[in-house]
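The values are calculated or read from the model by the stated rules, or taken from the named source; none is laboratory data. Remember, predicted model here, so these are calculated numbers, not experimental data. All Cβ positions, glycine included, derive from the backbone under ideal geometry; neighbour counts span all protein chains shown. With ligands, DNA and RNA removed, areas are computed over all heavy atoms of the protein, side chains included. Shrake-Rupley method; radii C 1.70, N 1.55, O 1.52, S 1.80 Å.
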Amino acid sequence: MSIPQSFIQELLGRVDVVEVVGRHVQLKKSGANYMGLCPFHGEKSPSFSVSPSKQFYHCFGCGKNGNAIGFLMEHAGMGFVEAVQDLAQGAGLAVPDERASPAERARAAEQRRQLATITDVLEQAGKAWRAQLRKAPRAIAYFKGRGVSGQIAKRYGLGYAPEGWRGLASVFPEYDSPLLEQAGLVIVGEDDGKRYDRFRDRVMFPIRNVKGECIGFGGRVLGDDKPKYLNSPETPVFHKGHELYGLYEARTAMRAMGYALVTEGYMDVIALAQHGFANAVATLGTACTPEHVHKLFRFTDTVVFGFDGDAAGRRAARKALEGALPYASDTRTVKFLFLPPEHDPDSFVREHGEDGFSRAVEGALPLSRFLLQAAREDCDLTSAEGRAHMLSNARGLWEALPDGALKRQLLGELAQQGQLPVADLTALWAQAGGDAAAPAQPGPAPAPGRQRRPWQKGERSGRWSAPAQPPRPQPARRIDHAARLLLSHMQFLEALSHEELAMLREQPPPHGRLMLWLEAQLHEHGPQPWAVLREALAGQDCQALAERLMTGSHAQTEGEEAELRWELRDLMGRMLAEAIAHEQKALIAQAAHEPETLERYRQLEKRRLELLQPQRRQP
């Protein structure tokens, strides 16, 4: 989907970042801004600032910052398009697609309406099943027997689907509606067309997406019926290979605890949350996929996979390893926790408690160790054949890693265990799979100052002239600060004189280009907050400069508007005085040949001194 940049700007101009952030973070007014506890890292004193004027948030503790779209992407784990659609829906706007025909846009709108209707139906079913749990002694006894408190049951929305073939008929008067089948709540017989509930006499676990919408269910039998666990089928809103049970509930805990804990069952998640591990999620009856891993890394840089210690657990861990390898960059951590064969995470944490499980997590196997173990499996490293087999097993795993320090270190370890020089192993794998299979081997860089240019005919031996050096860049502190003030408060441009505007336009690139672009934006669109300007800058040659100026704690230019206007006026005066001083230097050089330039020098000096006079601040 290609969303026009003009729509992104319009959307950011309509939504209020304070309102968007305020749905997730408790904010309190503090001067011109709002402050709260940062949702991206654990803290006790508020360092998370939200600016209504900039329509921007910034954390002084961890450095996270962005606009309303960026907040939903970072905090809720949404993709860009999903975040735009979420904000647009709240603002009553339809998201256009530049590449779509009118017919395609109409179909997309109908599809969005259908998806919203399906999630509404699922929410209704979940609400009914939660009410049923309160009057189902067998279901209550089951949860109590597993140590589940009422607080945890409420947090995860646990419920009970009663016995009977058409229990949902009392919830949905139109039981024959195709929506119930599309949502996976009702099964229609192939032969007789009879309809009946999919979930019967089961404790129910609602599955939510990152926005908190119910997209499916998992159900566990209370008796001996089969299957023991039953999931919703694939539907327009539910895809097992992409979703994780408990992710919505675990997002904040993942950031606070610093890692995500991945298990294989609903009750593993519930039991772990009951014992202090609210950062746990579970796959939905499928192996862990790259999509699962990618989604988790939106919320944390560390993922710990927890598996049963039996053969099935090892096989599941191997699948998880393959899913994690493409995302195992140098700044991320992946670990594998193997419990004793007689335990799963649910039984282990109930028997050993929070401290025992914490120790187990601390001792989890790093991805690098597990990769080496997986490569060595069934290989006799005392023989050349066994070592060759090990390297053959390792190659596909190693190549899936992104290039970086981890990948290169593992290459050395694999070469050592295979009793081959690193260069030989690199050449072997490059030969087998093309040069792209192995990372470039960096050679030694030439020592600074020892490069020699080629001798040219006609030069005298022993003579060498250093190449001309480019002028050292001068610090642009005043222009940086002036640009920062104007990007934060675009309306200040309207108060600048022609002389000041001309000086800003004539600044060396990229500052001059940024000022020209900003002035053009003002004439075309009027004053805009930084969040909108940031989107409009996409693809401009001054984009990198603007984003550098507006990133980090130094980018905060909050204060009373009158104070900030005075600050900009003072900067303009000093910058004009500097420009005059440069012109005066040139005039002095000319004065020996052109005495009339002295008069111009005196005029400039008068103007320079006026500019440097302390200015009276406006009340």
Just checking, which of VAL281, VAL303, VAL334 is of a type in the set (Val, Ile, Thr), outside the structural domain of GLY159 (by the TED database), within 28 Å of ASP120 (Cα to Cα) and free of Cβ contacts under 8 Å to residues at least 60 places away in the same chain? VAL281
Subset of region 37-55 (residues that are touching a residue at least 40 places away in the same chain (Cβ under 8 Å), open to solvent by less than 10 Å² (accessible area, probe 1.4 Å) and under 22 Å from ASP86 (Cβ atoms)): SER51, LYS54
Limited to region 518-548, what total is found for residues that are among the charged types (D, E, K, R) and more than 16 Å from GLY66 (Cβ to Cβ)? 3
Only residues that are surrounded by 15 or more Cβ atoms within 10 Å (Cβ to Cβ), over 15 Å from ARG369 (Cβ atoms) and either not assigned by the TED database to the domain that holds ALA328 or not charged (D, E, K, R) (or both): list them for region 394-426, please. ALA400, LEU411, ALA415, GLY418, LEU420, VAL422, LEU425, THR426
Options TYR142, TYR156; residue that is assigned by the TED database to the domain that holds PRO233, open to solvent by less than 20 Å² (accessible area, probe 1.4 Å) and hydroxyl-bearing (Ser, Thr, Tyr): TYR156
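Report yes if ALA287 is free of Cβ contacts under 8 Å to residues at least 60 places away in the same chain, in the same structural domain as LYS319 (by the TED database) and either in a helix (DSSP H, G or I) or open to solvent by 30 Å² or more (accessible area, probe 1.4 Å) (or both), otherwise no.
yes
Residue by residue, here is whether (1) out of contact with any Asp or Glu (no Cβ under 7 Å at 6 or more places or on another chain); (2) polar (S, T, N, Q); (3) more than 20 Å from THR300 (Cα to Cα) holds:
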residue: GLN9; (1), (2), (3): no, yes, yes
residue: GLY13; (1), (2), (3): yes, no, yes
residue: LEU27; (1), (2), (3): yes, no, yes
residue: LEU37; (1), (2), (3): no, no, no
residue: PHE40; (1), (2), (3): no, no, no
residue: LYS54; (1), (2), (3): yes, no, yes
residue: ASN65; (1), (2), (3): yes, yes, no
residue: GLY79; (1), (2), (3): yes, no, no
residue: ASP86; (1), (2), (3): yes, no, yes
Step by step: first the residues of region 207-251, then only those that are of a type in the set (Phe, Trp, Tyr) and more than 19 Å from the chain's Cα centre (by Cα), then the one that is most open to solvent (accessible area, probe 1.4 Å). Which residue is that? TYR229
Looking across region 252-276 at residues that are assigned to a helix (DSSP H, G or I), at pLDDT 90 or above and under 25 Å from the mean Cα position of the chain (by Cα), the single one that is nearest to ILE187 (Cα to Cα) is VAL269
In this structure, does GLY313 turn out to be surrounded by 17 or more Cβ atoms within 10 Å (Cβ to Cβ), touching a strand residue (DSSP E or B) at 6+ places or on another chain (Cβ under 8 Å) and not assigned by the TED database to the domain that holds ILE187? yes
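Has region 260-268 got any residue that is closer than 17 Å to LEU321 by Cβ and of a type outside the set (A, V, I, L, M, F, W, C)?
yes
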Can you tell me which residue among MET254, MET267, MET204 is over 21 Å from PRO137 (Cα atoms), of a type in the set (A, V, I, L, M) and open to solvent by less than 60 Å² (accessible area, probe 1.4 Å)? MET254
Pairs returned, first residue in region 413-437 that is modelled with pLDDT under 90, second residue that is among the hydrophobic types (A, V, I, L, M, F, W, C) and open to solvent by 70 Å² or more (accessible area, probe 1.4 Å), beta-carbon separation under 9 angstrom, 6 or more apart or interchain, are ALA430/ALA436
Close pairs (7 angstrom Cβ cut-off, 6 or more residues apart or separate chains): over 10 Å from LEU487 (Cβ atoms) and of a type in the set (Asp, Glu) in region 533-548, open to solvent by 10 Å² or more (accessible area, probe 1.4 Å) and assigned to a loop (DSSP other than H, G, I, E, B) anywhere: ASP541/PRO510
Cβ pairs under 9 Å, 6+ apart, first in region 593-619 and on the phi < 0 side of the Ramachandran plot and surrounded by 11 or more Cβ atoms within 10 Å (Cβ to Cβ), second at pLDDT 75 or above and of a type in the set (Phe, Trp, Tyr): GLN615/TRP566; ARG617/TRP566
Scan region 177-186 and give yes if some residue there is surrounded by 18 or more Cβ atoms within 10 Å (Cβ to Cβ) and under 27 Å from GLN274 (Cβ atoms), otherwise no. no
Going through region 572-585 one residue at a time, which ones are open to solvent by 50 Å² or more (accessible area, probe 1.4 Å) and either of a type in the set (Phe, Trp, Tyr) or more than 48 Å from the chain's Cα centre (by Cα) (or both)? GLU583, LYS585
Enumeration of residues in region 316-328 that are open to solvent by less than 10 Å² (accessible area, probe 1.4 Å) and touching a residue at least 40 places away in the same chain (Cβ under 8 Å): ALA317, ALA320, LEU321, ALA324, LEU325, ALA328
Go through (1) under 32 Å from the mean Cα position of the chain (by Cα); (2) surrounded by fewer than 18 Cβ atoms within 10 Å (Cβ to Cβ); (3) at pLDDT 85 or above for ARG505 and report which single condition fails. (1)
